[in-house]
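Okay, structure first, notes after.
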Amino acid sequence: RPHSRPRHPGAGTMLPLLLLLLPAAHGIAQLEYTPALTQTPELEGVTTASTFVLDQPRCVFREYGNADIWLVVALDQAAYTFNNSARPGTPETAFQDFPDPVRAYMTLNATLANYPCPKPAGDITVLRVGSETSCAQNATRPTCNGPLPGPGPYRVKFLALEGSEPVAETAWSEQIMLRTVKSSSSISTTGSGHSAGMIAITTILSILFAILLAGLVAMLVFWGSDSCGGSSTFSKPESVTVRRYNTHHVYDQPAARL
């Protein structure tokens, strides 16, 4: 009788388990697209103190017509630990709790119809992240596209979900930094061409010039009033009467007759 190896009792369950794990091992599709700040020349304010502008992901999710496409905004240090299974509209991804305790939120959901390919000629195809102020404190709008709370850095990616299942994603963007607004007290006057000494000298000269100008005006007023008062003291000179004398003709006396 040939020797038969005893069958492992769990061998019968291994194949179905491997079949179940196969889709999970495959993971979601990694698309060769990296979100980036727009380079559209007609657009100003690509970054502000609370917003930034991205190019739309046109012609990127063409094979996922039934998916909802979400934008994931994350703190730089939290980007690569983001859980793709996190669902939008939940406390785990709510904008109102960003950046603490929520380290990444999901917003700006769209369908493939919102990103037609190719784009129509002349269209400005961008997304302004952080443009909604009305829902920033509204807990019933966890997917709010609210103003970003600080300068960053941030990273973003697009994630396609079919139902609640992630099916495709782009790469994470490069770091995105926003503009910072300096307070007037933090602006240093040194090294900017206007030192404190120069400001003091300018102020003193301005005061002296104002005093000199005031003195000059007062002097002109005084001279003007003095000349007006002197002219009033002149009296009309008396008219000089010149008597007219009739000139008597002097006739030569005839010579005495001898």
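General observations
- Linear extension gain, residue 125 paired with residue 76, 0.36 nm per residue minus alpha-carbon span: 15.1 nm
- For the stretch 27-179, the solvent-accessible area of protein heavy atoms averages 50 Å² per residue (probe radius 1.4 Å; ligands and nucleic acids excluded).
- Packing here is the average count of other Cβ atoms within 10 Å per residue, and on that basis the peptides 207-218, 168-179, highest first, run 168-179, 207-218.
- Pairwise Cα distances in the stretch 27-179 exceed 27 Å in 17 percent of cases.
- Per-residue HN-Hα couplings for the stretch 112-119 [Karplus 6.51, -1.76, 1.60; θ = phi - 60°; Hz; x = Gly/Pro]: 4, 5, 7, 10, x, 10, x, 6
- Coil-residue GluC sites (Glu not before Pro) of the stretch 40-72, DSSP, other Cβ within 10 Å capped at 11: 42, 44
The values are calculated or read from the model by the stated rules, or taken from the named source; none is laboratory data. Please read these numbers as outputs of a predicted model, since none were measured by experiment. Virtual Cβ from ideal backbone geometry, glycine too; neighbours counted across all protein chains shown. Just so you know, the surface numbers come from the protein's heavy atoms only, side chains and all, with ligands and any DNA or RNA stripped out. Shrake-Rupley method; radii C 1.70, N 1.55, O 1.52, S 1.80 Å.
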